Amino acid sequence: MKIFVVNCGSSSIKFQLFDMIDETVIARGQMERVGTDEATLHITSDGMDFAPDVVGKTGGENHRIGLKTILDAMISRGVIEAVSEIEGVGHRVVHGGREMSGSHVIDDEVLSVIKRNCELAPLHNPPNLAGIEAAMEEIPHAPHVAVFDTAFLATLPPKAYRYAIPEQWYQEHHVRKYGFHGTSHRWVTRRTARLLKKNISDVNLITVHLGNGCSMTAVAGGKAVDHSMGLTPLEGLVMGTRCGDLDPAVVLYMASKGMSVAEIDTALNKQSGLLGVSGRSNDMRDLLEAVAAGDKKAALAVELFVYRIVKYIGSYYTILPALDAVVLTGGIGENSLPIREGICRGIARLGAKFDAARNEATVEGKIGPITTDDSELPVLIVPTNEELLIARDTKTVVAETD
Ligand code: ADP
């Protein structure tokens, strides 16, 4: 059974084609700079890494044309013979609001939920929707399934998801914490339960996703009970370009200095975080190189990044009934040795004993601890695989509705 997984951003289309018989990846790739003359398509299949093609506007004018170009390229490169081989399409959808928990075959109702929640996720849901509409046109014979990023976080109790604001804001405008990266936290929770040889309902974890966006989830008995992102992905940890936690009065203060809502929005979402503090880059690799070369602003950005993570782990430690492990994932969690070391050392008082040799050995997709065997609190590296989880959900939902 071939399942195609699609993740559309505002200017990108990421995709993977799975053979669900043995869960192998037949092809993966991405189109970037969709809508511009520089649109490029990069496909990897069967160990072959095709050089990126500049497809420009002809091949990537919008998500629909981009998707058609991707499907045509998979046919011309012999990855598939025809689009009809695809038996299900899984879509990552960022915001399902209060209505959607779990994964669903996309029908008019699901489409209207995604549309309704565009207001709450203006940067994410509209491109997700464009991708769904494009894929439904280009792959009309197959069922399409929406896997919501908010789904795993639907179990948060009111004390975690409500903000202490006027109730009317919650009732009328649905202002509350929703959380994001749920698919990654769900994957990591399941994978860690297997690693620890425990039932999913018995694991208590703090899962930390550190990519360009960063988030943390407190997991009690396999269920999310608190999470760092909020109404939007802006809240919580320091991220590549997002500020994370902030006194809301900062927004009012900057507005009083003459900044518009749109300018403040751009500053906090796109010019803050690691980029804002370092004045240099949102990419952890660049920053660590700059730190090694003696750049003080980069050093402060990295320090702030680690400090915020350690502080959050401390607070989640106190709300969980027990803690089996802290789990790190995402590009930084899976690869960045100094950041992992900083986190482990920062939570030494909670019982984490750092193991430098394990830290160096657990890279490039490897799974395992970076703490010693006698560490009271294990810190584990568990690579995320949101695409495979989306493919699995798609297969299950399609089978249930057959
Ligand atoms: P996204 O959230 O866009 O999916 P990723 O999960 O790929 O992003 O994470 C991107 C971050 O991971 C960047 O800050 C990047 O510098 C960092 N990263 C990726 N590989 C490495 C590496 N080998 N060493 C250090 N940091 C890395």
Exercise. Restricting the search to the range 96-113, which residues are over 21 Å from the mean Cα position of the chain (by Cα) and open to solvent by 70 Å² or more (accessible area, probe 1.4 Å)?
Worked result: Asp107, Asp108, Glu109
Seminar exercise, completed: All-but-one check, Met100 against (1) more than 23 Å from Val398 (Cα to Cα); (2) not charged (D, E, K, R); (3) not in a helix (DSSP H, G or I), failing number (1)
Problem set entry | Some residue of the range 215-229 being buried (at least 18 other Cβ atoms within 10 Å of the Cβ), free of Cβ contacts under 8 Å to residues at least 60 places away in the same chain and touching a Gly at 6+ places or on another chain (Cβ under 8 Å) | yes
Exercise. Can you name the residue in the range 262-299 that is farther than 16 Å from Met239 by Cα and away from the ligand (no atom under 16 Å from the Cβ) and is also least open to solvent (accessible area, probe 1.4 Å) among such residues?
Worked result: Ile264
For this session: Could you look through the range 336-390, keep only residues that are outside any loop (DSSP other than H, G, I, E, B) and basic (Lys, Arg), and pick out the one that is surrounded by the most Cβ atoms within 10 Å (Cβ to Cβ)?
Result: Arg340
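Quick check on this structure: which one of His173, His141 is closer than 20 Å to Ile390 by Cβ, open to solvent by 10 Å² or more (accessible area, probe 1.4 Å), more than 16 Å from the ligand (Cβ to nearest atom) and out of contact with any Gly (no Cβ under 9 Å at 6 or more places or on another chain)?
Values: His173 fails: closer than 20 Å to Ile390 by Cβ.
Only one candidate passes the filter, namely His141.
This table checks each residue for (1) of a type in the set (Ser, Thr, Tyr); (2) within 16 Å of the ligand (Cβ to nearest atom); (3) within 23 Å of Thr217 (Cα to Cα).
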residue: Tyr317; (1), (2), (3): yes, no, yes
residue: Asp324; (1), (2), (3): no, no, yes
residue: Gly331; (1), (2), (3): no, yes, yes
residue: Gly368; (1), (2), (3): no, no, yes
For this session: Name the residue, out of Ala121, Ala151, Ala73, that is in contact with a Lys or Arg (Cβ under 9 Å, 6 or more places away or on another chain) and open to solvent by less than 40 Å² (accessible area, probe 1.4 Å).
Result: Ala151
Exercise. Of the residues that make up the range 9-16, is at least one modelled with pLDDT of 90 or more and touching a Ser or Thr at 6+ places or on another chain (Cβ under 6 Å)?
Worked result: no
For this session: Filter the range 221-261 down to the residues that are farther than 22 Å from His95 by Cα and of a type in the set (S, T, N, Q), then identify the one that is nearest to the ligand (Cβ to nearest atom).
Result: Ser260
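The values are calculated or read from the model by the stated rules, or taken from the named source; none is laboratory data. Bear in mind that the values here come from a model prediction, so they are computed numbers and not experimental data. Counting neighbours? That spans all protein chains shown, and the Cβs are built from the backbone with ideal geometry, glycine included. The area values use the complete protein model at the heavy-atom level, side chains included, leaving out ligands, DNA and RNA. Shrake-Rupley method; radii C 1.70, N 1.55, O 1.52, S 1.80 Å.
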